[in-house]
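Participant: Below: one structure in structure tokens.
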Ligand SMILES: Cc1cc2nc3c(=O)[nH]c(=O)nc-3n(C[C@H](O)[C@H](O)[C@H](O)COP(=O)(O)OP(=O)(O)OC[C@H]3O[C@@H](n4cnc5c(N)ncnc54)[C@H](O)[C@@H]3O)c2cc1C
């Protein structure tokens, strides 16, 4: 508990690692902090994105209990922009921190995309995480006995692979459109650049096949509208650097469940821009200055919402840093530490 309450109020929207880190610091600085979360449970992607086999939820629960004991208030199942408008939230609080993540998934709008069995990775992972938490999930997307194809990679793809294996999938294949990265740091990516090299995640170690230079050109369905295969061609690199499917190389890969793990294009923009008038940068993230403030006075953005889809370490570091900026905005000065600035982002750990 803080020794002195400032009498200032802060709303934090989103309970992922960025929002939680900001809320904890701001509560400790003596402000009255309310965290609003759209989901029924708190934790953001730590709760419903990352599976239990990679991060047990007891760690998130422990932090929530600690923060409640310190005085942070939590309002789950409350969507800002719908249940409470952004502008009325801004009017009700002395400052607002937007920590809503960057969860608009990148799609693959090719023929057959509407077939049953072709889903965004997060649809699959959220349902699986809810089931693991003990919820009854009606018509749960399940991989048992299925040939699963994961399109794309990264942490999201790896979590799909691990979950599908635990569901008892018949096979799990990851398709990447690009070439297999080199095993060692290439000469054109010297230290301290974070090199793009071939990675084997713990999910890959558990099994599954990885195919490279695989351009998916169509999802093929059966007469009931369910996906049955992917039509895939070899990727061709053109002189201008573009990639196209190579003519004459098309072949079919059987599939019962296809999971799109192609990354995220940024935060949801509609209600924020309509109700609050916030701007977005060319990457689709919320426009903000070095002090994390958006172009609306007293409204700050942090974590994936402000930097685009990234990593938990960045979300926590930014959450702690934005707390200092909000504290300074409210009090004129702040004793909180400031680990990072938005301009630090290109230096290392970029993701
Ligand atoms: C499947 C998956 C696996 C990952 N694995 C790793 C990993 O292994 N290591 C790693 O470092 N990073 C990983 N990441 C990335 C990491 O999870 C994110 O970078 C991090 O969670 C971002 O934190 P955040 O607080 O900015 O946003 P989020 O964690 O996305 O939280 C945002 C929260 O805001 C809520 N919200 C959104 N809009 C509203 C609204 N209008 N009103 C109320 N609430 C709202 C959302 O429901 C959500 O709970 C992974 C990401 C995914 C998708």
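The values are calculated or read from the model by the stated rules, or taken from the named source; none is laboratory data. Note that the coordinates shown come from a computational prediction; the quantities given were computed from them, not determined experimentally. Every residue, glycine as well, gets a Cβ built from its backbone with ideal geometry; the counts of neighbours run over all protein chains shown.
Participant: Test of understanding: among 30, 49, 7, 19, which residue is more than 22 Å from the chain's Cα centre (by Cα) and crowded, with 17+ Cβ neighbours inside 10 Å?
Facilitator: Of the residues listed, the single one that is more than 22 Å from the chain's Cα centre (by Cα) and crowded, with 17+ Cβ neighbours inside 10 Å is 30.
Participant: Let me ask something additional. When you look at residue 22, is it within 13 Å of the ligand (Cβ to nearest atom), modelled with pLDDT of 95 or more and not assigned by TED's automatic domain parsing to the domain that holds residue 125, yes or no?
Facilitator: Spelling it out, residue 22 is indeed within 13 Å of the ligand (Cβ to nearest atom), modelled with pLDDT of 95 or more and not assigned by TED's automatic domain parsing to the domain that holds residue 125.
Participant: Also, quick follow-up: Only one of 101, 157, 168, 134 is surrounded by 22 or more Cβ atoms within 10 Å (Cβ to Cβ) and on the phi > 0 side of the Ramachandran plot. Can you tell me which?
Facilitator: Result of the check over 101, 157, 168, 134: 101.
Participant: Out of 53, 62, which single residue is assigned by TED's automatic domain parsing to the domain that holds residue 96 and over 24 Å from residue 121 (Cα atoms)?
Facilitator: Selected residue: 62, the only one of 53, 62 that is assigned by TED's automatic domain parsing to the domain that holds residue 96 and over 24 Å from residue 121 (Cα atoms).
Participant: Among the numbered criteria (1) in contact with a strand residue (DSSP E or B) (Cβ under 9 Å, 6 or more places away or on another chain); (2) away from the ligand (no atom under 13 Å from the Cβ); (3) under 15 Å from residue 300 (Cα atoms), which single criterion is violated by residue 14?
Facilitator: (2)
Participant: Next question, about the same structure. Which of the strands (runs of 3 or more DSSP E) contained wholly in region 238-351 include at least 2 residues that are in contact (Cβ under 8 Å) with a residue 40 or more places away in the chain and more than 10 Å from the ligand (Cβ to nearest atom)?
Facilitator: In region 238-351, the matching strands (runs of 3 or more DSSP E) lie at 251-254, 257-261, 264-266, 299-301.
Participant: Testing residue 87 on (1) in contact with a helix residue (DSSP H, G or I) (Cβ under 9 Å, 6 or more places away or on another chain); (2) closer than 24 Å to residue 278 by Cβ; (3) not in a helix (DSSP H, G or I), one condition comes back false. Which one is that?
Facilitator: Of the numbered conditions (1) in contact with a helix residue (DSSP H, G or I) (Cβ under 9 Å, 6 or more places away or on another chain); (2) closer than 24 Å to residue 278 by Cβ; (3) not in a helix (DSSP H, G or I), the odd one out for residue 87 is (3).
Participant: Can residue 279 be described as out of contact with any strand residue (DSSP E or B) (no Cβ under 7 Å at 6 or more places or on another chain), crowded, with 21+ Cβ neighbours inside 10 Å and at negative phi?
Facilitator: It is false that residue 279 is out of contact with any strand residue (DSSP E or B) (no Cβ under 7 Å at 6 or more places or on another chain), crowded, with 21+ Cβ neighbours inside 10 Å and at negative phi.
Participant: Of all residues being part of a loop (DSSP other than H, G, I, E, B) and in contact with a helix residue (DSSP H, G or I) (Cβ under 9 Å, 6 or more places away or on another chain) in region 90-126, which is farthest from the ligand (Cβ to nearest atom)? Just the residue, please.
Facilitator: 94
Participant: Are any residues in region 131-156 out of contact with any helix residue (DSSP H, G or I) (no Cβ under 7 Å at 6 or more places or on another chain) and in contact (Cβ under 8 Å) with a residue 12 or more places away in the chain, and if so, which ones?
Facilitator: Listed by number, the residues that qualify are 132, 133, 145, 146, 147, 149, 151, 152, 153, 154, 155.
Participant: Same structure, new question: Hey, among 213, 262, which residue is surrounded by 12 or more Cβ atoms within 10 Å (Cβ to Cβ) and closer than 19 Å to residue 124 by Cβ?
Facilitator: Checking each option against the conditions leaves just 262.
Participant: Go through (1) within 23 Å of residue 113 (Cβ to Cβ); (2) not assigned by TED's automatic domain parsing to the domain that holds residue 50 and name the single condition residue 268 misses.
Facilitator: Result: residue 268 fails condition (2) only.
Participant: Quick one: in region 25-66, which of the residues that are in contact with a strand residue (DSSP E or B) (Cβ under 9 Å, 6 or more places away or on another chain) and farther than 22 Å from residue 328 by Cβ is farthest from the ligand (Cβ to nearest atom)?
Facilitator: That would be 64.
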